[in-house]
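Structure record follows, encoded as structure tokens.
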Amino acid sequence: MKIKLIIISLLLVFSIKTEAQNYTHYNLYSQNNYLYNPASTGENPWLTAFLNTHLQWVGFDGAPRVNTFGIHSPVNKNMGLGLNVSQSSYSIINNLDAKLSYSYRLKFAKDNFLSFGISAGVINNSVAFSDAANYDASDNNQVDSDFKKTGFAAGAGILYNFKNMELQVSLPQLYQLENTNLYTVASVAFDFLPEDPTWDFKPSVMMKVHENSPAQFDINMTGMWNKTVWANLALRTNNSFVVGAGLNYKNIGLGYALEINSSPMNKMANGTHEIQLMVHFGKNFVKTKILNEAVEVQTSKKTMIIGTVKDKDGNPVENANVVVFDDNKQVVQTKTDKDGKFNFELEPSKKYKVVTTADDCMKEESRLKVKRKSKSVELDINIKRIKAGDLIKLGNIEFETGTSNLTPDSYNTLDSLVKIMKNNPSVKIEISGHTDDVGSEATNKSVSEKRAKTCSDYIISKGILADRIKTIGYGETKPLVPNDSKENKAKNRRVEFKIIK
């Protein structure tokens, strides 16, 4: 027994360097980049605090336990500061690691930036031999004092984001207790549905590698509904898999993950459990968690546009497409959420054109003026839903006198109709021609039919299927107003577009 205790004591002292490099394999990293990478310090435009508890091999006495607390926030649009404190224990070995972190972001475009991050602080490692089982203080062959060592610790990382792809490389324990540690974590993530306001699907691959052990890979898929409920599944090359789920409510996020391993250790334990609580101060997490989109740190000189798209009955229009133009140049494109809401930023002291489209709705164009000192502007957009029996009023359709030949201005109106039909492929229309009462009834009917067909032929030439269009000539039988003046006769000479499906 004495020899065994001596050997165990010596091995623990010898392994203090290795155990100091505590390779915690976090399982909730997909919801919290800051666990591994200091480059994500202040990545959100609000202050974030979190508590993560990692319980390995639950049910096995002396198994690793890791508690991590972190807090980080942007200090301006380019820099972030944070604090990360981690306490771990494994049998009689205990580690305490506290580091400050700093990040700097180089922004190339709206969805294209590169962040650099560093962390630095202190680490304390200790081995409590007096807590070991069968420890006998009177035994001279045993180590007679506990072991403690404190030193400098540092880490580094980079994060590159391009549109809906994210690439990270970090060395979270680059330097510890006079030792360089090249333990590296690298990951790439891709957002499948970057424009969908309801669903997010993000597959990712993570690699963890150290010079003294084989590389480990995670293949991960995370799905989230309405920025609120999420679930993920990860397959790990060490013959284990991870399932996780969580909920984001207002400014609070809660997550849980379970890792199950097929190794013999799993037969003696009940898997590895991880719980994470995140709190976001200063912003509504669910409504504004859209990294690198319209919401930035409020040191920006731009004006925040906050708006809602509703139909004429006051109902919100979900997934409406809102496009903003500055002198015919598109500067913003976004979609509404389930409540019909949207937000983005614009340069002040300018006038903009806002174009709104949605399925089964008429296109809506409006003008927006942003004043020089405006911090925020509310923009409410009303859009007309397309219903069977409704007339589509786009503009006048005119013909050369006595013919069915369209005038040049009429083509612009027909092009607008083509756009509506392309945006709404299930819509079918009736094109009807009408005349005044000058001439015979038969002649007027023939002229009205030819004019309706001329419009139909043009629309079909632009790619609209013929079976979506019905033409009819009513002649003089359906006047809008009495044919008792030149003005009224002109109103009755018209072409109308009616939705029939």
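The values are calculated or read from the model by the stated rules, or taken from the named source; none is laboratory data. All figures in this text were calculated on a predicted structure; none of them were measured in a lab. For neighbour counting, all protein chains shown are included, and Cβ atoms are generated from backbone atoms with ideal geometry for every residue, glycine included.
Scanning the stretch 23-80 for residues that are in a helix (DSSP H, G or I) and under 22 Å from G244 (Cβ atoms) yields Y29, S30, Q31, N33, Y34, L35, S40.
Considering the stretch 360-372, the residues that are aliphatic (A, V, I, L, M) and under 13 Å from V324 (Cβ atoms) include one that is surrounded by the most Cβ atoms within 10 Å (Cβ to Cβ), namely V370. Could you please find all residues in the stretch 336-368 being among the polar types (S, T, N, Q), in a strand (DSSP E or B) and without any contact (Cβ under 8 Å) to a residue 24 or more places away in the chain? Correct list: S366 only.
Scanning the stretch 373-409 for residues that are free of Cβ contacts under 8 Å to residues at least 40 places away in the same chain and surrounded by 15 or more Cβ atoms within 10 Å (Cβ to Cβ) yields one hit, E398.
Across the stretch 39-49, the qualifying residues are those that are buried (at least 22 other Cβ atoms within 10 Å of the Cβ) and in contact with a Phe, Trp or Tyr (Cβ under 7 Å, 6 or more places away or on another chain), and the one among them that is farthest from A186 (Cα to Cα) is T41.
Taken residue by residue, the stretch 425-440 has at least one member that is modelled with pLDDT of 90 or more, in a strand (DSSP E or B) and polar (S, T, N, Q).
So is I381 among the β-branched types (V, I, T) and part of a loop (DSSP other than H, G, I, E, B) or not?
Details: among the β-branched types (V, I, T): yes; part of a loop (DSSP other than H, G, I, E, B): no.
Considered against the rule, which asks whether it is among the β-branched types (V, I, T) and part of a loop (DSSP other than H, G, I, E, B), I381 comes out as no.
Candidates T357, T454: the one that is crowded, with 17+ Cβ neighbours inside 10 Å and within 25 Å of L480 (Cβ to Cβ) is T454.
The number of residues in the stretch 479-495 being without any contact (Cβ under 8 Å) to a residue 60 or more places away in the chain and closer than 17 Å to I392 by Cβ comes to 1.
For the stretch 338-353, which residues satisfy the criterion of being within 25 Å of the chain's Cα centre (by Cα) and either closer than 15 Å to M304 by Cα or surrounded by fewer than 19 Cβ atoms within 10 Å (Cβ to Cβ) (or both)? Residues satisfying the conditions are K338, D339, K341, F342, N343, F344, E345, L346, E347.
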